[in-house]
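Structure first, commentary second.
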Amino acid sequence: AAAHQPADKTVDSVCPYCGVGCQLTYHVKGNTILRVEGRKGPANEGRLCVKGRYGFDYVHHEQRLTQPLVRREGVTKNPVDLLDPEQVNSAFRPATWDEALALIAGRFKQIKSTHGGHALAGFGSAKCSNEEAYLFQKLVRTGFGTNNVDHCTRLCHASSVAALLEGIGSGAVSNPVMDVNQAEVIFVIGANPTVNHPVGATWIKNAVKNGAKLIVADPRRSDLARHATHFLQFKADSDVALLNALLHVIIEEKLIDREFIEQRTEGFDDLKANVSACTPEAMSSICGISPAELRAVARLYATSSASIILWGMGISQHTHGTDNARCLISLALITGQIGRPGTGLHPLRGQNNVQGASDAGLIPMMYPDYQQVCNPEAQQRFEALWNTPLSNTPGLTVVETMQAILAGTVKGMYILGENPAMSDPDLNHARKALAALDFLVVQDIFLTETASLADVVLPASAFPEKTGTFTNTDRLVQLGQQAIHPPGQARQDLWIIQSIAQGLGLDWQYNSLEEVFDEMRRAMHSIEGITWQRLQGEHALVYPCAHEGDIGQAVVFTEHFPTPNGKARLVPARYRKAAETPDSEFPFVLITGRQLEHWHTGSMTRRASVLDAIEPEPTALLHPEDLKALNIEAGNTIRLQSRRGEIQLFARADTGTPPGHVFVPFCYAEAAINKLTHAALDPDGKIPEFKYCAIAVHKK
Ligand code: SF4
């Protein structure tokens, strides 16, 4: 009924969930959001998916944190039985902001003076605005004195970014999603956009209706495959074999763009030699796709007037994730399918600001704008801008931080908006690490699984409770605007970060968001031309944007690549198996991911009433043949087990999941699937292998 009440006001903002970055309007009465409507933004043209339209009432949930909390003396942290939000009073006591901030400053300073700055670390979040992400990494680098700062990009597209930076000098997309409208061929691999980027998927489906040809390649048959001209259901860890076969055909049949290769790339001979033996016949036995189909797809992609590649975490979340992305980059480069409308490379970014948080420097080896911390020129530039000496040692990534805690080298952490006690691989290990910290500060809107292991919990502001900029998967910087006030004593995140920085002795006096954004423009050439005033008037501006009159570049690499010599680098990759493969004890392959109604670790969407009503319980998706063989019926409780842990949840029949595989979303705390996943890392992107490990399935 509340949804139909007349609103007092409307506030234009953007969706807090996925990287598509749909613009929306909040309808507000008093301090309550009544409903949400889609707005005509460049990425969504008024469209919203179920999360954007109905996933907003988490902000009014009774479990919102409304005051700082301090762990009661003598209450130990239990990494196995995490605290239920209802039990909060048993472990924490309320504190004033002054007390909490003084405690934080004292403990962080004590750890730094005793063990050095590298004994501290911070995880920022892709849920944060660009300004929050920028200040957070600045605090870690200048206040803690270390580059130990990372965020969830490490768990989603770190390997894609590693390959893109190495190959073409830029980690962001070359063309917006909407460019599918101008493509003759759309190649979607390792992505399930109807679930994870739903409005983006509608543009793909519309393009197919208008005549574009769609190639979908994925071990699971997604809904989008129904619209495909070719659907390649390849074996789950065989991406490189599949892609090398396509490269082989394109080179062997002389479907390459020789002029583009000669003028704009280097390394072609090595690539050619690397794939010379990767005939479709040879690769077919590895990837499971027939030689005829491999040849047909290679020809279709290479010979179209405009082919675009979009990929997701099916490509990146492997120990060979960087190699997978290298192959995709090579496909685009040797065919000249980049640098024009309707072509290019688009790693679909997951969270609504994972692009912006990475750009702003929430990365342990890079300052803002991807400037290497070990590059003396970049170091000097940031030392001058921030007026302080900086470490030139690359910091620890997410999983490395957990390992360092257990090794005793990291002792204190500040976690803003991330939930590694749900999102990290091999959770029992990760939770043990978080519980082992001498001092943990968590800033969030709910008592998340991570917050329940904290020493101090700070009540933060939810997305509609603050203003800031957010950068979507298309490199569009968009303005999110405050619609309501935070509850109780919850505070704006920017205020909290600045207060902690001041407690550490940093002379920070940012009086407005605009001041922070102006400093970011000085730090980041890519957004120099985007001013706060322009954002307020235009709401969305794409970078690179060189000056105030610049409309920005939606399509990049039109003439050269941002590499030292302007050329792209072709990097060969060889097929490698996953780190852990099935055997007689653990005969199934586990694939983890997301589902349409829930977002990441579920901290927001599982408290959104409509979304939780649609998908209230944890399920594992298995092929009906497997269910029958195991004498399990859909709806039965089953037990999943790996070498690292086990969980119980409900079985669901799914013909899209291939026999021998199990798909489980990672948003359910009561059946946290990451207890089973493997922490093996890609050697370049340092991303864990969430898309492949060995498990057993038992009827309960
Ligand atoms: Fe939000 Fe993504 Fe859905 Fe758009 S597609 S409404 S950005 S979750």
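The values are calculated or read from the model by the stated rules, or taken from the named source; none is laboratory data. Computed from a prediction, not measured in an experiment: that's the story for all the values here. No Cβ is skipped: glycine too gets one built from the backbone with ideal geometry, and neighbour counts run over all protein chains shown. Accessible surface areas use protein heavy atoms only, side chains included; no ligands, DNA or RNA. Shrake-Rupley method; radii C 1.70, N 1.55, O 1.52, S 1.80 Å.
For the reader, a short list of remarks on this structure follows.
- The Cβ shell under 13 Å around Ser642 holds other residues with a net charge of -2, Lys and Arg each +1, Asp and Glu each -1.
- The range 542-700 - share of DSSP beta bridges that are antiparallel (%, nearest 5): 65
- Secondary structure note: in the chain, about 50% of the DSSP beta bridges are antiparallel.
- For the chain: relative contact order, % (alpha-carbon pairs under 8 angstrom, 6 or more apart): 20
- Counting Lys and Arg as +1 and Asp and Glu as -1 over every other residue whose Cβ lies under 9 Å from the Cβ of Gly417, the net charge comes to -3.
- Span from the the range 46-64 Cα centroid across to the the range 629-694 one, whole angstrom: 27
- Compactness of the range 536-620 is given as radius of gyration and Dmax, 22.9, 64 Å, from Cα positions.
- Accessible area of Glu166 in the full protein assembly, 1.4 Å probe (Å², nearest 10): 50
- Annotation note: GluC sites (Glu not before Pro) in the range 612-700 located in DSSP loop regions with a Cβ neighbour count of at most 16 within 10 Å are Glu633.
- log10 of Debye I(q)/I(0), alpha-carbon scatterers only, for the range 5-124 at 0.15, 0.16 Å⁻¹: -0.92, -0.94
- Cα-Cα P(r), the chain, percent of pairs per 20 Å interval: 19, 54, 26, 1
- What the Cβ-Cβ distance of Glu377 and Glu262 gives, at R0 = 45 Å and to the nearest 0.05, is a FRET efficiency of 0.90.
- Both the radius of gyration and Dmax for the range 325-448 are 18.5, 54 Å, in that order, over alpha-carbon atoms.
- Taken along its three principal axes, the alpha carbon spread of the range 57-193 comes to 64, 40, 30 Å, from the longest extent down to the shortest.
- The helix-only estimate of mean residue ellipticity at 222 nm for the chain, built from DSSP H runs of length n ≥ 4 each weighted as -39500 (n - 2.57), is -8500 deg cm²/dmol after division by the residue total.
- Ser285 contributes about 90 Å² of solvent-accessible surface, heavy atoms of the protein only, 1.4 Å probe.
- Sorted largest first, the principal axis extents computed over the alpha-carbon atoms of the range 99-169 equal 46, 25, 18 Å.
- Cα-Cα P(r), the range 546-700, percent of pairs per 5 Å interval: 2, 8, 14, 16, 14, 11, 8, 7, 7, 6, 4, 2, 0, 0
- The magnitude of the dipole of the chain, with charges of +1 and -1 set on the Cβ of Lys/Arg and Asp/Glu and taken from the Cα centre, is near 740 debye.
- Largest to smallest in accessible area, the residues Lys272, Lys51 fall in the order Lys272, Lys51 (1.4 Å probe, all protein chains included).
- The Cβ shell under 12 Å around Ala653 holds other residues with a net charge of -2, Lys and Arg each +1, Asp and Glu each -1.
- Proximal lysines relative to Lys77, as straight alpha-carbon distance under 29 Å, when same-chain residues fewer than 8 apart are discounted: Lys109, Lys112, Lys127, Lys411, Lys432, Lys675, Lys686
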